[in-house]
Structures are given as C-alpha cells and as structure tokens.
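The values are calculated or read from the model by the stated rules, or taken from the named source; none is laboratory data. Every value quoted in this text rests on a predicted model; they were computed, and no experiment measured them. So basically every Cβ, Gly included, is an ideal-geometry build from the backbone, and we count neighbours across all protein chains shown.
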Amino acid sequence: MADVRSSETFVVPAGWKRFVLPRRAAGAAVPKVKAADVKAAETMLHVFDGDVLGALGNRNTPGDLAEAGRAYLAGDPAATPLGAAVVARGVAVPLGWNRRDELTVFADYWRSRHGLAFAAAAVAELSTLHLASYQPSSAITRKVLDADIETSFTGTAVHLAYRLRRAVVAVPAEDYEQVVAALAAVRGPGLVQRAVVSVIAPDETGWAGDICTEILGKGGREGIRGLLLTVVSDPEAGLRLAGRVDVWAALSESERIHTFVATLGPAAAPALAGWLDAPHLDAKGRAKLLAMLSAIGGDTAFNALLERTGRPDAAAALAEAAGREPAHALRLLAEAPSAGRFLQRHLAGHRQLADEVRPQLSEAAAARIDAAHAVLAAGDVSPAAPADVPPILVTPPWLTPVSRKPVVVTGLSADVPVRVEWAPGERERWGDGSWAVRHGGTHDWAEIIRKLGTSASSGWDEIDFFLRAPDDLTLARVGAWQPSYHYDAADWGSELLARYGAEAVPPVLDVARRSPATAALLLAPIASPEAAVLVAGWLARVRSVRPIALAWLARHPDVAARALIPVAVGRIGQARSDAEGALRAMLENGQGERVRAAAAGFGDATVAAVEEILAVDPLTILPKVLPQLPDWANPALLPPIRLTGGRGALPAEAARHVITMLAISRLDTVYPGLSVVITECEPADLAGLAWALFTEWREAGHPAKQSWALDALGLFGDDETVRRLSPVIRGWPGEGGHSRAVAGLDVLAAIGTDLALMHLNGIAQKVKFRGLKERATEKIAELAAELGLTADELADRLVPDLGLDGSGSLVLDYGRRTFTVGFDEQLKPFVADASGKPLKTLPKPGTQDDPVLAPESYQRFAALKKDVRAIAADQVRRLEHAMVGQRRWSGAAFRQFLAGHPLLRHLVRRLVWVRFDATGRPGATLRVAEDGTLAGVTDETVTLGDEETVGIAHPLHLGDDLAAWAEVFADYEILQPFPQLSRGVEPLTPERAAAFVGRKATTPALLGLERRGWRRGSPQDAGVQGWFERDVPGGLHLVLAIDPGIAVGAIDVLGDQTVEALFVAPSSAHHWFRSGQDDRIRELDPITAAEALRELTEVFA
C-alpha cells in the first residue's frame, strides 16, 4: 500500500550544494588550498605594498593598526591576525569597489602560510576594520560595528568567512578547537564581528544563540539578520529570525537562503511562504522560493503551494512537488476542498494510486477522490484503431530523420546592382520632411562634420545634418555614414532614403542590421543583394519582422532569387540555411518559377542544386534540436483528441506528436503536418487541447521557451477561444505582459473568424493600455490594407450577425413554447414570449420542454448575451465617432453593413441620417423605419441610390428640421443610443480656448479624453507625456498642453494637471513647440469646433 505520508528525510538537491554552507555534522571533506589563489594573494601583496604603506602612513590610521600592518608586511614571525587583516584592508584601496571581492583569495593564502586558526582570526579582525574611502592612502580605522553590515567593506569579510567555514567545519576535532580558541581571543562586542564569527563556526551554539536572541530585540540591522540565516539551526529560533528578515536580505546572497533551508528542511516552509507573500518580490526571487518550497517536501510546504496556485509559477511548482511524492500529494489534494482541478490532474497521471490511498483517507477526502475519478472516467473516449491513426502521427519524420547530402556549387556571385525601386507615391510620402520639422534646429554644420565618425559626435546631430544640410556637404559622406542613433529609425530613415535614394542604402542597411525591430520596414524599396541576405536571416531567426521579410521577397522576387541562389547552393553554414529557407518561402508564395528562371542563369549545376532545395518535403524540414515538451504538456493530463467520424481518440503517443508539431510551429511558420491533424481531428477537441495547453502555460508562469502554447490558440482556436482569450489579452499589460498581449493580437488575427476580428477591433477602439491599443490599431490597419479597405470600412465588415435573422431577432425554441429575442437602444437583449409579452429574463428549461432543444436554446441565449456585451458599447461608440468624425457611406454600403445588418439595424433605426451631394453639402434627411424602409421627417417613404452618399446627421446638419425630428422620435418613443438630436452646437473659439488655459483637473479626469477620441502625446524626457492630441480635418491636430504632464506607467505620481495651452497645429509638427499656433482654432469646421468644446467641457465639468 502506498504511504501517504511525506518522506521524513530531506535530501538537499544537488544544485544547492555549492551554495549551502556546511556544519560539522555534515562530514564534509576539507577543501584543498587553491594554489592559484595563494599566488594571486602574493602578487597583490607585492604589487600593492606601496598602496598599503600609504594607508598605514595616513595620520588618521591608529598607531596600533599601523604597527600591526607593518609587522605583517615585514614578515615578522610575531605578526598577528590583526596585522594580516590590516594589510588586506589596505590592499582593498587600489582594488577599488569593483574588484573588492578579489580579497577572498586571502582565505587560502592565510591558511597556507599561517594555518586555519590564524586565518579565521584574521577574518574576524577584518570585519572590524573600516576604510574611509577607496582614494589613495585612505585611512584604515577600527570600529565596533553595531548598526549593520556595510556592504562595501564588511561584506568582504563575510565572503572570506563563507570560504573559511567550509574548512573549519571539516577539520579534525583538535584543529577545530584551535580555531574556536583563536576566534574567542578576538571576538569582541560588536554585532557585525560576532555575526561573522558565528558564520565561521556555526556549531558554537552558545555564540549563535546569544547573537540571534540579541538581534531579535533590536530594530533595523537587516543585513545582520539576513547573515544569521547561515548560522541558525533550531527550527523555532530559525522561524522567529526569518520572520524579521526581509525577502531582499534573504535572497541577496545565495548562501543565506540555501543554507537556511538546507539546515531546517521542511520546517523552513512557513518562512518561505512568508517571503513569497512579500509585495516587492520580483519574478526571479519568486521562482527561487517556489522551487525551494517544492523541493523540501512536507505537508506545510505542499499546502503553502496549493494556497498560492493563483500566482505565476505556483501551479508548476505544485505539480513538481506532487510528482516527487505522488501518494502524499494525492492525500493532501483530496483533503483540500478547493483543490478539485489539481486533484483531477494529479489523479489523471496516477490513477493506480487511488485504490491504494483511498482507505487511508477521511470520508470526505475519499469522496473527493471518487468524484474526481468519475469526472475523468466521463471524459474517457474509446481509443482509435491503429489503422485509423494518420501515419504522420504514428511515425512522424523526427523519429526517422532523413539524411541529405546537399549539392554545393561554388564560385557564383550575384550580379545585381543596388537600386531603390519606389511604388507610386511612396517616395513622396517618405520624404515629407516631417522628422526635420519636428526635430530640426540650428546647427553648425562644420562642427558636426569635424566630429562625424568620432566618439564626440552626437547621433542626433548627425541625423539632422544628413536630413537638413545642403547636398554639397552631405552627398559625399552619406554612403560611409554609420548611424549610432537608432531610435525612431523608421521615421528619419525613410526621409533619408527618399532624399538620397541608392546613396543612402549603406547607412539604412546598417541600421536595419543592428535594429531590425525599428528599421526593418526601411528595406521595402531597396533592391540589393545585401538586403536579400539580411531579409533571409530575418525570415529564419527574427520572428517579429518575419512578415516584413516575406513582403520584401514578394516585392523583389527577381532580385531576391538572383542574390540568394549563390548563397543557397554555396558553402554549408547558417547563411546557406537562411537562403534555402527564403527560396522555399518564395516557392510557397507562388514564386517558384521566378526562382527557377534565376537559377537557369547560373548554369545546369545550379539548376540541379536549386531543384533539390525546392523539392525537399516540407514535413522533413525540422529544427536541429526538437524542443523538449514540458511536464505540463503530458497528454495524460490534457483533454482527448477524437478523430472525426466517431473513429475514437488518438492514443497518448499520437497526441504527444500533435503537441510536438505545435511546439515547432509559430503562427507564421506552421509545421505542415498540422494540416493533417486539422483535417482528421474534431475541431472542438483541438480547440480544447489548445486552451488546456495555454492554461497550463499561464500557470507555469508564461515560460518564453513554451510560448508556442499561445500560438496554438491561433492554430486550433474557435469562437469560444476568442471569448476566453480576449479579456486575458486586455489584462496582460497591467501584469507586465505587454509583449504577450501583442502576441495575443496576432492570435486573434490568426483565428480570423468574424468574432475574433471583432474583438481585435474592439481592443483597437478601447483598452486602457496605450501600447496595446496602438498595436491593435496597427493590426487592424494591416488587415484592412490587405483587403484594400480603410480601417473604418473593415470595422463595418467585422460586426458579427450573431446568428440573428434578417429582421434582427432570434427565435428560441423550447419545443412546446418559443421565445423571441430583441434589442434596446444600447443593444441589450430582451426576451418576449410567443404572445409578445416582455419577460424579465429567459426562463430555464422545465420538465415539459424538449430535453434537447430547450437546453440548447438556453445556452444559445447565454452565449448571445456574452457576445453582445463584448461589442455593444464599442458599436455605439463607433457610430458616435462616425458622426463626430463626419464619416460617409455609399447607399449600397449603408444598406449592406448598417441598415441591413441584423444587429446594427437596432442602432441605425434610432438615428437620423442625412444625404450629401458631390460637394459634401448636406441635403434631405431620413431614418430607417421599423420595417426596414426609409422615411423622411414627415414619414414619407424615401429611397436611397447605391451611389448616393449618406452619413449620421449632426444637429448642425438639420437646421429647421431639428425640432421636427425630435418630435417624430418622441411620438414613436424612439430612444437614441447616444445624444444626437439633443447635442450642443456651440463652437470652440479662440476666446473659449483661452478660457481653458490655467484650468486644473486630476489626471484620471483628463484621461476621459481618450474615450472621446483624444490620445496622449509621445513620451518626452523621463517618460512624461506633456499633451493630448485629437485628429481634426485637414491633417491637423487639436492639442491640449498640460503641466506637469503624465508619467508613463504612474499616471498619478505628478499630481493634478494644469492646462498650459489649447491650439491647432499640423499633425507632423512636434507639439512640444507651439508658438504661433493658437489662432488656428478659427480654421476648425463648425462640427469639429462644437464637438471639441463639448468634449473639453465634459472633462473639465
């Protein structure tokens, strides 16, 4: 029968032993004296003797110390440990702060020259000596240090003590007694010295007990208490001490925490748990404490992990502890009422233990095991017949690797000139001069030329020189320039390339090579061999710019092929592998014939070599080393994967191969074998597997090496995945996970369903983290560009119909009764019975209802409410912004995406719309009636042609019809989704703008502008955002300058904000400089002026 108790014996993990300071009971071997350290100490004494004498000759060095030091330097046989310590402290002067730890070599030097007892006493004396500074001839003084360890001076003695302790605890008893006697002779009253002495001789429990008791009665002295973790041995005293040691002091030196835990074993669990709860614990420290709790065993440690499984990494540590003692873990998990999921997971991997452990448990614990077992049994699926398992999941290529001997063709070169090939209008856009406008100043070109290429040169000045100085100064120099400043490279680099063309290719390539994340886009128009090789490398190894690399290959296929073929068939190495991968990528993207045509120009041997490259089976292209699957990716712990057509579930080994395929895939480089998996397996099971892997990855602390678990959601995910993932993405930046959140946006795009893209667009429209919002906006723009649409046009197409019928309603069938779903002005769903009577809520299925239809309908309504809740506010806001931003639709688009949309029609019919003529002048107004027809202000039926233009009416469009429309909406009791007919129309004028100057508001109140279409300005010095900006027609910004500004990541730290200015400026201008812009407020059109005033008034109300 399995023993459900934890092992009584704690075995120190092998990885700890180099940090654990032993005791005499450990029976350790005496460490040998290191000859190299002895030699190093001798060298220091010889080289630095003059520096030591200078310190001894300082008038502030006491005479007894100077005399002892000189005697030791002179080799006096009567030299004392104090003299040795004084000399070592003098050697510290020329070593300085950065090299102070080199003094540890004196431990072995003193052992070899004077014996262990002398060395121990010298270290104890060293802990009392102080340097005034590291300046030459600095005085050496003696202090009775009671306050705390001074890291720059006393810390050296501590490291020497650690080293000597390993010898002291291992020597025979006679030698040990000599050490103790020597220490007793020099042990004084100072807390620091007494702590150091106890570190050297921890088995002197009287010394250790005295200082531990004393230190607990004093405040401060965090360093001494932390050091005593290496001394204490009694569990009760150890926990009292640990309770007074801050986590940073416990973790500051590995010897402290490892020695403490190794000494106390499982009894250290409460201390580790307490340190885990420290509010300022970083990820590295958390990982170390969790690993220790997992390793020490015992009920207390296991339960401490179980109680903290909601924190990063804790679940993985719990699983590791459970795997170490499975029966013990099964008992503790069964005894914990809240551990149901972990109990199921543990039981799934140790089902054979259930019968053995159950008789040893309480009745309640046994019942929990039975319940967990029942859940697992319910999820069991009949295994697939071996013949039904796809062959690639039986013997995948990595089990039978194919050995290929590549054909090598040498002596080829790419005869491709360097060119810059612009798309229509591209050079004009890149060369708009906006960087020079925002950043330019007045410079002495001659002085910049004089410093160019030297360490005295300013990278900022160099950029300004090449963008603004005359051609006769720059043209001869730009090709050889190597920019040292890479920030904002995509901005200034585009202007550089537009100005100089091919002459600027060398510096642009240099920046892109050094900083692909910021400059990869600059390669777009460059057609050159060097660019091709650079892109091939990115394609293979720089995931973040892989889409840019693929776009470059598609834009310059002929140049890419001719430049890469000599590399792809040349010498074996990384460059060849990169080039081969790029050529295969071109084949996959339909450019194989361009590659073959280029190969023909190099001769038959090259043609054959290239054909061999292109003919490689993609299934056999594998990483050099397959990633090792983590323990949490064990198929036994994950949902089963059923084959389609009721053919049973994949066996565990086949499921493991599926997970391996996921581990070698990324969203943009999917292992081809997954297409077989997607075809042969149930989609819902694959989505469930991906979510389970993702959940395990999160609980393991998001290890970067297993980020494929996030990508798996994009490869296997469905709409339910989207619903669960979207709130996680929105919350990640607040947990320090901005990069994960950005990767999550790519996952939503990869899932690609209407719901997924709708959630992506929702994040672009509204999320509290600016960086994530900007990246989502960029992603939407990328998707729109691929479809030839604007971001707004794409947003129209991303609104899901949610399964509603053509009238915008949904019938829920319970069998003998039905219910109809409708929507109010905020898109909140409501339910009516068959007679049309509104109900407060949808009733739950009853015994008289159809047992299949009713539960399905009930769940359908629950999902509908969840989906609508996710998008309703965004759609209302989108339409309001369309009115404020004066967006227009064609009649055809209006009918297809607005009036005819099953969900949006409920908002569209609650608004007044207006026609516009070819000049943009407003004309007749209309609304969408209940039956979907169009009606005018007098309820007359009207029509709208496909080519006509329509928009949401602003009150300023309605003129005399405003009151009539208000009466129509009141008569029909039509509630509006946002204020339209009641909206204010007073404009922002220079006078009203001036009235805002000097007004104050809290930072959170000002952030309300972001909900109204404003955004914070770019961070300036110290990460402070000094203005808000709002797009206005004509390529302009309306800018609200504030003081002191908003600190990125700490919005409240600078206090309330005061308005410095409100002005209009070109969007390309740097808004930190704003003189002469205030009068341009008069240029705002009436609607923009009215809306700006309304927004500012609401925020400052």
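Within region 197-206, the residues that satisfy the criterion of being part of a helix (DSSP H, G or I) and at pLDDT 95 or above are VAL197, SER198, VAL199, ILE200.
Residue by residue, here is whether (1) crowded, with 18+ Cβ neighbours inside 10 Å; (2) touching a residue at least 60 places away in the same chain (Cβ under 8 Å) holds:
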site	(1), (2)
VAL742	yes, no
ASP754	no, no
LEU757	yes, no
GLY762	yes, yes
GLY788	no, no
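Residues in region 864-919 that are free of Cβ contacts under 8 Å to residues at least 40 places away in the same chain, over 30 Å from LEU842 (Cα atoms) and part of a helix (DSSP H, G or I): GLN896 only.
Within region 1005-1031, being among the aliphatic types (A, V, I, L, M) and either on the phi < 0 side of the Ramachandran plot or touching a Gly at 6+ places or on another chain (Cβ under 8 Å) (or both) holds for ALA1005, LEU1006, LEU1007, LEU1009, VAL1024.
Of LEU956, LEU988, all but one fail to be in contact with a helix residue (DSSP H, G or I) (Cβ under 7 Å, 6 or more places away or on another chain) and assigned to a helix (DSSP H, G or I); the exception is LEU956. Can you find even one residue in region 1010-1021 that is touching a Pro at 6+ places or on another chain (Cβ under 7 Å) and at pLDDT below 90? For region 1010-1021, residues touching a Pro at 6+ places or on another chain (Cβ under 7 Å) and at pLDDT below 90: absent. In the set PRO401, PRO417, only one residue is more than 29 Å from ALA654 (Cβ to Cβ), part of a loop (DSSP other than H, G, I, E, B) and not hydrophobic (A, V, I, L, M, F, W, C); that residue is PRO417. Would you confirm, using the coordinates I've provided, whether LEU1054 is assigned by TED's automatic domain parsing to the domain that holds ARG1094, assigned to a helix (DSSP H, G or I) and surrounded by fewer than 20 Cβ atoms within 10 Å (Cβ to Cβ)? Answer is no for this residue.
Which of the residues belonging to region 991-1026 are in a loop (DSSP other than H, G, I, E, B) and crowded, with 19+ Cβ neighbours inside 10 Å?
TRP1014, GLY1017
Please determine whether any residue of region 25-36 is of a type in the set (Lys, Arg) and assigned to a helix (DSSP H, G or I).
Of region 25-36, the ones of a type in the set (Lys, Arg) are 32, 34.
Checking the rest, the ones that are also assigned to a helix (DSSP H, G or I) come to none.
There is no residue in region 25-36 that is of a type in the set (Lys, Arg) and assigned to a helix (DSSP H, G or I).
Give me the pairs, please: first residue somewhere in region 995-1012 and more than 30 Å from ASP874 (Cα to Cα), second residue anywhere and at pLDDT 90 or above, beta-carbon distance under 6 Å, and either six or more positions apart or on two chains. That search, which allows pairs on different chains as well, returns VAL997/VAL1059; ARG999/VAL1059.
Residues in region 892-902 that are surrounded by fewer than 20 Cβ atoms within 10 Å (Cβ to Cβ) and over 18 Å from LEU789 (Cβ atoms): GLY900, PRO902.
Say whether the condition of being touching a strand residue (DSSP E or B) at 6+ places or on another chain (Cβ under 9 Å), at pLDDT 90 or above and small (Gly, Ala, Ser) is met by at least one residue in region 860-873. Within region 860-873 (the criterion being touching a strand residue (DSSP E or B) at 6+ places or on another chain (Cβ under 9 Å), at pLDDT 90 or above and small (Gly, Ala, Ser)), the answer is no, since none of the residues qualifies.
Restricting attention to region 501-515, does a residue exist that is modelled with pLDDT under 90, of a type outside the set (D, E, K, R) and surrounded by fewer than 14 Cβ atoms within 10 Å (Cβ to Cβ)? Scanning region 501-515 turns up no residue that is modelled with pLDDT under 90, of a type outside the set (D, E, K, R) and surrounded by fewer than 14 Cβ atoms within 10 Å (Cβ to Cβ). Just for region 765-784: of the residues that are under 18 Å from the mean Cα position of the chain (by Cα) and among the hydrophobic types (A, V, I, L, M, F, W, C), which one is nearest to PRO547 (Cα to Cα)? The qualifying residue nearest to PRO547 (Cα to Cα) is ALA776. Would you check if LEU674 is modelled with pLDDT of 90 or more, of a type in the set (A, V, I, L, M), in contact with a Ser or Thr (Cβ under 9 Å, 6 or more places away or on another chain) and within 17 Å of ILE392 (Cβ to Cβ)? Taking the combined requirement at face value, the residue satisfies it.
For region 1057-1081, give me each residue that is charged (D, E, K, R) and either modelled with pLDDT of 90 or more or in the same structural domain as GLY734 (by TED's automatic domain parsing) (or both).
GLU1060
Among the residues of region 832-856, just one is in contact with a Gly (Cβ under 9 Å, 6 or more places away or on another chain) and of a type in the set (Val, Ile, Thr), namely VAL852.
Residue under question is GLY645, and the condition is that it be in the same structural domain as LEU689 (by TED's automatic domain parsing), part of a helix (DSSP H, G or I), of a type outside the set (Phe, Trp, Tyr) and over 30 Å from GLY323 (Cα atoms); does it hold? When the stated conditions are applied, GLY645 passes them.
Number of residues in region 188-229 that are surrounded by fewer than 16 Cβ atoms within 10 Å (Cβ to Cβ), more than 24 Å from VAL169 (Cα to Cα) and among the charged types (D, E, K, R): the value is 2.
Taking the numbered list (1) among the hydrophobic types (A, V, I, L, M, F, W, C); (2) loosely packed, with under 15 Cβ neighbours inside 10 Å; (3) more than 44 Å from the chain's Cα centre (by Cα) in turn, LEU975 passes all entries but (3).
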